[in-house]
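No lab work stands behind these numbers, since they all come straight from the coordinates. Not measured: the values here are computed from a predicted model. Cβ placement follows ideal geometry from the backbone for every residue including glycine, while neighbour counts extend to all protein chains displayed.
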Amino acid sequence: MMTLVKEKEMITRRTALMGAAAVATAPAIMAKAAVAASESLVAVGATVDLSSLPRKKVELVPPPFVCEHEQVASDGPSIIEYEMSVIEKEVPVDDDGAMLQAMTFDGSIPGPMMVCHEGDYVELTLINPPENTLQHNIDFHSATGGLGGGALTLVNPGEKTVLRFKATRPGTFVYHCAPGGPMIPWHVVSGMAGAIMILPRDGLKDEKGNPVKYDKVFYIGENEFFIPKDKNGDYMRFEDHGSSYSDTLELMNGLIPSHVVFNGKVGALTGDNALKGKVGETVLFVHSQANRDTRPHLIGGHGDLVWETGKFNNPPQKDLETWFIRGGSAGAALYTFLQPGVYAYVNHNLIEAVNLGATAHVIIEGDWDNDLMAQVMAPTAYGEAHSSGKALP
Ligand SMILES: [Cu+2]
């Protein structure tokens, strides 16, 4: 039996939020946004007894790596417990002095990727530490109702909350902060987004329904940042989040980002931080973008099986060169590496990849296959031969 929270109770909650926001140092606009999020009606249903289900605590790890998990569930549904703290901090986003007043889930951009199976219950403890200045929440695109959980999780600095939702649809999904009004895009482009992968209980399948396995998962979260510049063309730096807001908003509303990056920073996945693998290994690339469209491409490789929208109840597409990730979604691409070398995994808007930062490297070890590719002739000067129309030497 469902009953709606009474208007009076909603007002009480709203008043409490407004009061708390006024006490906190957050600017008035943030308090206003928080009220907007709390205004949606939240239904309170009959208690669900899940006491017979096993509980599993899963430690989250920073991307590009993902928490330990089974590809095929060895038992029935469980309650999977995760915990994340919101960390507000200033971070470098390139090596040229651009500093972002970042908002993060658990200190990383993107937030950690959760993994569970269809039918599991996700139980997240979300902590907003007292040293923070803003209200935050979490909207899971994989969850049903209550603004994806956003309506039930708005926490002031110094508060924590626990949300449970049932993982009913298998796939890769974005989660992000959505505290209401203009706070939503600001928090997202400040770093507050991540992904969850809900695997079918019997694992991934190819387009014919045959089981497929991966050797490793790399989680790539793409973000665009808006770091304003001053009159001299230097990146502006701010005392705190509140003082960065108006200049950042002006740039955001122009829709031209200063940076488009993987995993929070230009070069986060290149050089010493490059992803690593071996010939013969099958890698699942999960790629999320919470705000803006993108188009991953593995230079020198392919997507053997691609769940472009990330939803595993749909058959994967095969042999793709580039795939499309809609802003506000996460997709998955499976590839078995066949040649050694350095592969660039890019957003194939090449301006964004090369000039703005959206490039990762994958270094693959192993033996070269001359059947797949060979240099028949190394670059060689050919002098007059070409212009005279004679055969090449
Ligand atoms: Cu937030």
Problem set entry | Loop-resident sites, segment 214-280, for trypsin sites (Lys or Arg not before Pro), counting at most 14 other Cβ within 10 Å (DSSP) | K231
Exercise. Check G191: other-chain or 5+ apart residues with amide H under 5 Å from its amide H, H built from backbone geometry?
Worked result: M103
For this session: Rounded to whole Hz and in sequence order, give me ³J(HN,Hα) for segment 166-183 from the Karplus expression 6.51 cos²θ - 1.76 cosθ + 1.60, θ = phi - 60°, writing x for Gly and Pro.
Result: 8, 7, 8, 10, x, x, 9, 9, 7, 10, 7, 6, 8, x, x, x, x, 5
For this session: Counting only C-alpha contacts under 8 Å and six or more residues apart, can you give the relative contact order of the chain as a whole percent?
Result: 14 percent
Exercise. Once you sort the root eigenvalues of the Cα gyration tensor of segment 132-267 as a ≥ b ≥ c, which label holds: rounded (a/c under 1.5), prolate (a/b larger than b/c) or oblate (the other case)?
Worked result: oblate
For this session: Give me the percent of DSSP beta bridges within the chain that run antiparallel, rounded to the nearest 5.
Result: 70 percent
Seminar exercise, completed: Under the 7 Å Cα-to-Cβ spin-label approximation, E365 and D215 lie apart by a distance in nanometres of 1.1 nm
For this session: List the relative contact order of segment 219-365 as a percent without decimals, with contacts defined as Cα pairs under 8 Å and 6+ residues apart.
Result: 29 percent
Problem set entry | Vicinal HN-Hα couplings computed from phi for segment 248-260 (Karplus, 6.51 cos²θ - 1.76 cosθ + 1.60; Hz; Gly/Pro x) | 5, 4, 4, 5, 4, 6, x, 6, 10, x, 7, 9, 10
Exercise. Once you mark the chymotrypsin sites (Phe, Trp or Tyr not before Pro) that are in a DSSP loop and have at most 15 other Cβ atoms within 10 Å, what is the longest gap between them in the chain?
Worked result: 66-323
Seminar exercise, completed: In terms of the alpha carbon gyration tensor, root eigenvalues a ≥ b ≥ c, rounded if a/c is under 1.5 and otherwise prolate when a/b exceeds b/c or oblate, the chain is oblate
Problem set entry | Charge tally in the Cβ shell below 15 Å around K216, where Lys, Arg are +1 and Asp, Glu are -1, K216 excluded | -3
Seminar exercise, completed: In whole angstrom, the spacing between the Cα centers of segment 236-308 and segment 65-90 equals 22 Å
Exercise. Relative contact order, percent, of segment 296-350 when contacts are C-alpha pairs under 8 Å separated by at least 6 residues?
Worked result: 47 percent
Seminar exercise, completed: Residues other than V122 with Cβ under 14 Å of its Cβ, Lys/Arg counted +1 and Asp/Glu -1, net out at 0
Exercise. What net charge do the residues around V342 carry, taking every other residue with its C-beta under 12 Å from that of V342, with Lys and Arg at +1 and Asp and Glu at -1?
Worked result: 0
Seminar exercise, completed: Zone reached by a paramagnetic label modelled 7 Å from V376 Cα along Cα→Cβ, restricted to segment 339-359 with backbone N below 14 Å, covers none
Exercise. Tilt of helix 28-38 relative to the longest C-alpha principal axis of the chain, in degrees (0 to 90, nearest 10)?
Worked result: 80 degrees
Exercise. Can you work out the FRET efficiency for the pair E70 and D240, with r the C-beta to C-beta distance and R0 = 41 Å, to the nearest 0.05?
Worked result: 0.45
For this session: Convert each backbone phi in segment 235-242 into a coupling constant with the Karplus relation 6.51 cos²θ - 1.76 cosθ + 1.60 (shift: θ = phi - 60°), then list the ³J(HN,Hα) values in order as whole Hz, x for Gly and Pro.
Result: 4, 7, 10, 10, 4, 7, 4, x
Exercise. Can you pull out the trypsin sites (Lys or Arg not before Pro) in segment 171-210 that DSSP calls coil and that have at most 10 other Cβ atoms within 10 Å?
Worked result: K208
Seminar exercise, completed: So the angle from the long Cα axis of helix 7-23 to the longest Cα principal axis of the chain, reported in degrees to the nearest 10, equals 70 degrees
Exercise. Taking GluC sites (Glu not before Pro) as exposed when DSSP calls them loop (any state but H, G, I, E, B) and at most 14 other Cβ atoms lie within 10 Å, what is the longest stretch of the chain free of them, the sites themselves excluded?
Worked result: 240-320
For this session: Calculate the spin-label point distance for Q317 paired with E83, positioning each point 7 Å from the Cα along the beta-carbon direction, and give it in nanometres.
Result: 4.2 nm
For this session: Would you mind checking the pairs K213/K276; K213/K265; K208/K311 and listing those with alpha carbons more than 20 angstrom apart?
Result: K213/K265
For this session: Using the number of other C-beta atoms within 10 angstrom as an exposure proxy, rank C177, C67, C116 with the fewest first.
Result: C67, C116, C177
